[in-house]
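Working notes, structure below.
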Amino acid sequence: MELKYGSVSYTLDLPPERLAGVIQPAVPDPADTVEEIICSALDACRPAVSLFKPGEKTVIVTSDITRYTGSEVYLPLLVERLNNQGILDDDIEILIALGIHRSQTPHEHEKILGPLYGRIRVKDHDCDDSAELVSVGRTSNGIDVRINRTAVKADHLILTGAIGFHYFAGFSGGRKSVLPGIASRQACLSSHFAVLNPGQGSGKNQHAVTGNLENNPVHQAMAEACALAAPDFILNTVLAPDKRIIAAFAGHWHEAHEAGCRYYRRHFSYPLQETCDLVVVSCGGFPKDINLIQAHKSMEYAAQALTDGGVMILLAECRDGFGNSTFFSWFRHQQLDQFEAALREYYEINGQTAYSILQKTRRFNIILVSGFPVQQVIEMGMRPASSLDQALQIADRLLPADWKALIMPEGGSVLPVMQ
């Protein structure tokens with residue numbers, strides 16, 4: 001079996017008696033073309049689009065380059081619908097939902113917009129530009145929802161993106177285009193802070209987990225913010241691990257998103273009867289393992305299949321390092337209670353991810369095959385390995401004599417779920 005690592009692959013050849021299974025998503029193979037999938041979804045938005053009038057300003061929110069959505073395919077089809085309704089190119093603007101991410105380069109804008117680049121105006125959201133942020137109200141947990149002025153002033157707001165699992169918001173897509181997508185830094189941090197229960201030492205909310213929206217406080221904050229922004233409709237895609245668009249959902253921001261989440265859960269969950277002593281997981285190669293923050297998704301999903309005290313081998317090249325300049329500094333906190341206290345005092349989204357990694361290293365033995373220096377891997381609570389073969393040798397010393405393994409070739413694309 002070939003497991004991707006960066007731009008290369010490792011071959012894993014386990015004896016049959018050691019292999020408990022291969023965890024892969026049940027990806028459907030749609031009969032329709034990608035264009036037919038998008039157009040069929042957009043048909044559900046005809047009543048909303050019919051209300052658009054010539055001369056009205058329309059803002060389309062879409063994801064940045066780190067969240068591939070198929071935008072270069074669906075944005076032209078969406079703009080064509082608007083043009084047919086009498087909305088001119090000059091009255092359309094595409095707003096990149098950066099959240100707290102960096103600005104995009106012209107080349108990245110071109111990749112996001114595809115054939116629309118140079119034809120439709122494009123603008124990056126800036127979460128720190130107070131002059132370009134407008135308050136649209138407060139959530140029930142007190143978050144001041146300040147979002148991009150361009151979106152607020154528009155006559156029509158359309159949200160686009162992709163639906164997938166999210167390790168504490170439940171799912172990506174839908175309402176996340178508003179918060180954190182086009183919100184202030186403070187609103188972004190406050191919504192993510194909801195992952196922690198109220199009260200020092202009370203830990204993470206049990207409902208703020210992958211694949212769950214019910215009673216999820218992070219999802220609730222994001223949904224309330226989206227309602228305040230009042231988008232006309234959304235268009236969200238579902239992607240196969242190879243980035244093919246296999247489904248699309250459009251319509252009311254809440255209903256269409258939930259329909260997409262149900263679809264994603266059905267096709268990208270893997271039923272498990274029991275956990276295993278060893279899980280070997282690949283992120284799926286570059287760019288899915290471009291940095292450790294991105295690779296954490298695969299680590300999170302693989303942990304669902306691992307017995308307490310078991311061994312995880314994570315293949316994640318991380319050619320761009322951690323993914324944020326402050327990420328590694330959080331590991332100065334080596335005790336979980338101290339880490340949690342530090343997060344409550346000064347919350348950072350990257351700190352939350354680092355905290356999640358440390359939680360796993362205290363529960364499992366994690367062997368990381370990556371490009372990181374040995375000492376950095378050790379400081380993060382993991383065991384360093386330079387290759388899959390070396391990782392297997394280390395694992396063998398930690399495993400019981402009768403160990404069995406589960407393999408995850410696309411760790412960030414499938415969620416093991418205990419039956």
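Where a number appears in this text, it was derived from the coordinates with a stated rule and is not lab data. Predicted, not measured: the structure shown is a model, and the values here were computed from it. Cβ coordinates were reconstructed from backbone atoms using ideal geometry, including for glycine residues, and neighbour counts include every protein chain displayed.
Dipole of region 271-419, Cα-centred, from +1 at each Lys and Arg C-beta and -1 at each Asp and Glu C-beta, to the nearest 20 debye?
100
As a test, work out the antiparallel percent of DSSP beta bridges whose residues both lie in region 34-239, rounded to the nearest 5.
30
Would you be so kind as to identify which of Gln375, Asn324, Gly411 lies farthest towards the positive end of the dipole of region 261-419, taking Lys and Arg as +1 and Asp and Glu as -1 on Cβ and the Cα centre as origin?
Towards the positive end, the residue furthest out is Gly411.
Kindly list the residues of region 295-333 that lie in the label zone of Glu274, defined by a backbone N under 19 Å from the point 7 Å along the Cα-to-C-beta vector.
Residues 303-312 qualify, since their backbone N sits under 19 Å from the label point.
Which percent, nearest 5, of DSSP beta bridges in the chain are antiparallel?
30
If I model a spin label as a point 7 Å beyond the Cα along the Cα-Cβ vector, how far apart are those points for Gln334 and Ile394 in nm?
If labels sit at Gln334 and Ile394, their model points lie 1.7 nm apart.
Charges only on Cβ, +1 for Lys and Arg, -1 for Asp and Glu: so what's the dipole of the chain about the Cα centre, in debye to the nearest 20? Write down the numbers at each step before the final one.
Values: 36 positive and 47 negative charges, 120 e Å.
Dipole of the chain, to the nearest 20 debye: 580 debye.
Using 0.36 nm times the number of residues separating Gln206 and Gln419, minus their current alpha carbon distance, what extension gain do you get?
Gain on extension, Gln206 to Gln419, equals 74.8 nm.
Which order do the peptides 358-367, 161-170 come out in when sorted by mean C-beta neighbours inside 10 angstrom, highest first?
161-170, 358-367
At R0 = 22 Å, how high is the FRET efficiency between Val374 and Arg102 if r is their beta carbon distance? Nearest 0.05 is fine. Kindly include the intermediate steps, with their values, before the conclusion.
Values: r = 29 Å, r/R0 = 1.31.
My answer for the efficiency is 0.15.
Any chance you could give the angle, 0 to 90 degrees and rounded to 10, that helix 349-363 forms with the longest Cα principal axis of the chain?
So the inclination is approximately 30 degrees.
Using only Cα atoms, find the angle between the long axis of helix 255-268 and the longest principal axis of the chain, and express it within 0 to 90 degrees, rounded to the nearest 10.
Relative to the chain, helix 255-268 is tipped by roughly 30 degrees.
May I ask for the angle, rounded to the nearest 10°, between helix 388-398 and the longest principal axis of the chain, with both axes built from Cα atoms and the value confined to 0 to 90°?
60
How long is the gain from Asn197 to Val8 if the chain were fully straight, where each residue apart is worth 0.36 nm and the alpha carbon distance is subtracted?
That pair, Asn197 and Val8, stretches by 63.9 nm at full extension.
Using alpha-carbon positions, what is the distance between the centroids of region 76-124 and region 355-388, in Å?
After rounding, the separation between the Cα centres reads 40 Å.
Just want to confirm a number: the relative contact order over region 216-361, from Cα pairs under 8 angstrom separated by 6+ residues, in percent.
Over region 216-361, the number comes to 16 percent.
What pairs from Lys288/Lys360; Lys243/Lys404; Lys123/Lys176; Lys4/Lys176 go past 24 Å between their alpha carbons?
Values: Lys288/Lys360 20 Å; Lys243/Lys404 31 Å; Lys123/Lys176 18 Å; Lys4/Lys176 29 Å.
As for pairs spanning more than 24 Å Cα to Cα, those are Lys243/Lys404; Lys4/Lys176.
Enumerate the residues in region 8-29 having an amide nitrogen under 18 Å from the point lying 7 Å beyond the Cα of Ala401 toward its Cβ.
The answer is 17-18.
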